[in-house]
Amino acid sequence: MTKRILVTGSDGMVGSALREVLGDDTFFATRADADLRDFEATDRLFKEVQPTHVIHLAAVVGGIGGNIMHSGDFFRSNILINTNVLECARQNDVQRLVSFMSTCIFPAEASYPLSVEDLHNGPPHPSNFGYAYAKRMLDVQTRAYRAQWNSDFVIAVPTNIYGPHDNWNLEEGHVAPALIHKCYLAKQNNEPLMVWGSGNPLREFIYSGDVAKLVTWVLNDYQGTEPIILTSGIEMPIKELVHLVADAMDFTGEIIFQSDKPDGQFRKPSNAQPLLDQIGGFDFTPVDVGIKRTVDWFVANYPNVRL
Ligand code: GDP
């Protein structure tokens with residue numbers, strides 16, 4: 001049977017990076033092709049495309065601001081999307097499916113480094129509980145389908161992804177795109193760059209192009225059945241990210257850390273070892289290089305960017 005890959009949610013950041021990695025045997029689906037919260041629409045998409053393989057990226061996501069404001073919608077939409085996509089993949093005989101979780105759904109009080117065995121061992125951080133519980137159910141559904149139907153479904157768990165084609169919304173976006181957008185405006189308007197929180201929290205950042213390469217490897221070559229964390233294992237303080245963004249943007253104005261804004265979880269380092277053991281080695285894009293590429297893309301495309 002010829003291979004045919006369906007990518008859901010392909011107009012986002014990882015989908016755009018995958019367009020540069022995957023070939024003609026791929027159908028890149030977006031919201032315009034099907035509303036995945038609707039089972040009939042999802043089934044129609046699967047019947048039309050007839051995929052043998054699926055990379056399931058579609059999700060309703062946001063940064064700390066979006067998660068706090070839309071917890072109900074984030075819960076419901078993600079539960080529906082995942083339930084429909086996995087069930088349609090099963091009914092339509094998909095050979096292998098890779099879906100996505102994120103390290104931000106792990107227990108707030110987890111022991112570090114985060115490892116997939118601890119996914120359900122405690123509640124998530126209250127700032128994103130709606131999204132987090134919905135995404136945890138993806139793991140439950142994946143395991144239940146493997147147990148009952150031997151479905152070859154696996155889950156990739158990237159850390160904080162950044163890159164071109166992100167969501168640059170100032171209130172609801174993730175930290176890297178929000179800071180890039182804010183820094184751009186601060187430079188234009190000769191104003192200070194306002195950063196949420198203390199700048200001390202630590203995050204692991206991964207460039208979208210690296211995620212695209214790694215998820216292709218997961219689809220074709222990952223031998224395990226457990227979710228696999230995609231990370232370099234290198235933590236960076238938000239403060240340092242701010243300076244990388246400012247440098248890449250040639251911003252020399254004042255930087256203000258707003259202590260009345262949320263810091264979120266202080267750190268959530270993850271275990272890079274299972275990935276390294278499986279893949280052997282991988283050349284991660286250094287964050288300064290990835291941020292420079294992302295800033296250049298943003299500047300070249302503004303104001304025609306997703307907001
Ligand atoms: P998280 O990793 O799930 O917490 O999500 P984010 O990508 O939203 O990162 C949040 C961290 O970045 C927190 O420590 C915030 O205080 C900090 N941060 C600093 N400025 C911003 C900003 O403009 N937007 C966002 N989303 N976070 C910011």
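The values are calculated or read from the model by the stated rules, or taken from the named source; none is laboratory data. Quick caveat, the model's predicted, so the values are computed rather than measured. Quick reminder, even Gly has a Cβ in these numbers, built from the backbone with ideal geometry, and neighbours come from all protein chains shown.
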Point to revise | Unique match (being small (Gly, Ala, Ser), within 16 Å of the ligand (Cβ to nearest atom) and surrounded by 19 or more Cβ atoms within 10 Å (Cβ to Cβ)) among GLY65, GLY15 | key: GLY65
Check your understanding: Can you name every residue in region 102-123 that is modelled with pLDDT of 95 or more and within 16 Å of the ligand (Cβ to nearest atom)?
Key -> LEU119, PRO123
Study note, to complete from the structure: Within region 147-172, restricting to residues that are part of a loop (DSSP other than H, G, I, E, B) and hydrophobic (A, V, I, L, M, F, W, C), the one that is farthest from the chain's Cα centre (by Cα) is LEU170
Point to revise | Selected residue (only one of SER71, SER102 is surrounded by fewer than 23 Cβ atoms within 10 Å (Cβ to Cβ) and touching a Pro at 6+ places or on another chain (Cβ under 7 Å)) | key: SER102
Revision key, fill the gap. Scanning region 203-225 residue by residue, the ones that are more than 9 Å from the ligand (Cβ to nearest atom) and in a strand (DSSP E or B) total 3
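Quick grid of which residues meet (1) of a type in the set (Gly, Ala, Ser); (2) assigned to a strand (DSSP E or B); (3) free of Cβ contacts under 8 Å to residues at least 24 places away in the same chain:
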site	(1), (2), (3)
PHE75	no, no, no
ILE81	no, no, no
ALA89	yes, no, no
ALA110	yes, no, no
HIS120	no, no, yes
SER127	yes, no, no
Practice item. Kindly provide the set of residues from region 180-201 that are in a helix (DSSP H, G or I) and in contact with a Phe, Trp or Tyr (Cβ under 9 Å, 6 or more places away or on another chain), ordered by number. Key: ILE180, HIS181, CYS183, TYR184, ALA186, LYS187
Check your understanding: Which pairs have Cβ atoms under 6 Å, sit 6 or more apart or on different chains, and link a residue in region 44-70 that is among the aromatic types (Phe, Trp, Tyr) to one that is more than 14 Å from the ligand (Cβ to nearest atom)?
Key -> PHE46/CYS88; PHE46/ASN92
**Study point:** Top-ranked residue of region 152-167 - restricted to ones that are of a type outside the set (Val, Ile, Thr) and surrounded by 22 or more Cβ atoms within 10 Å (Cβ to Cβ), ranked as farthest from GLY197 (Cα to Cα)
**Key:** PHE153
Review point. Quick check: is even one residue across region 57-71 more than 16 Å from the chain's Cα centre (by Cα) and closer than 19 Å to ASN271 by Cα?
Key: no
Check your understanding: Any idea which of VAL211, VAL195 is modelled with pLDDT of 95 or more, buried (at least 22 other Cβ atoms within 10 Å of the Cβ), of a type in the set (A, V, I, L, M) and under 14 Å from the mean Cα position of the chain (by Cα)?
Key -> VAL211
**Study point:** Enumeration of residues in region 226-279 that are within 13 Å of the ligand (Cβ to nearest atom), without any contact (Cβ under 8 Å) to a residue 24 or more places away in the chain and assigned to a loop (DSSP other than H, G, I, E, B)
**Key:** ASP260
Check your understanding: When residues of region 168-192 are filtered for being aliphatic (A, V, I, L, M), within 8 Å of the ligand (Cβ to nearest atom) and crowded, with 18+ Cβ neighbours inside 10 Å, how many remain?
Key -> 4
**Study point:** Members of region 126-168 found to be out of contact with any helix residue (DSSP H, G or I) (no Cβ under 7 Å at 6 or more places or on another chain) and among the charged types (D, E, K, R), listed by number
**Key:** ASP139, ARG143, ARG146, ASP152
Review point. Does at least one position in region 273-294 carry a residue that is more than 30 Å from THR225 (Cβ to Cβ) and in contact with a Gly (Cβ under 6 Å, 6 or more places away or on another chain)?
Key: yes
Exercise for review: Starting from region 184-197, take each residue that is over 24 Å from GLY63 (Cα atoms) and in contact (Cβ under 8 Å) with a residue 40 or more places away in the chain and list its partners that are near the ligand (Cβ under 8 Å from one of its atoms) and basic (Lys, Arg), counting only C-beta distances under 6 angstrom and pairs at least six apart or across chains.
Suggested key: none
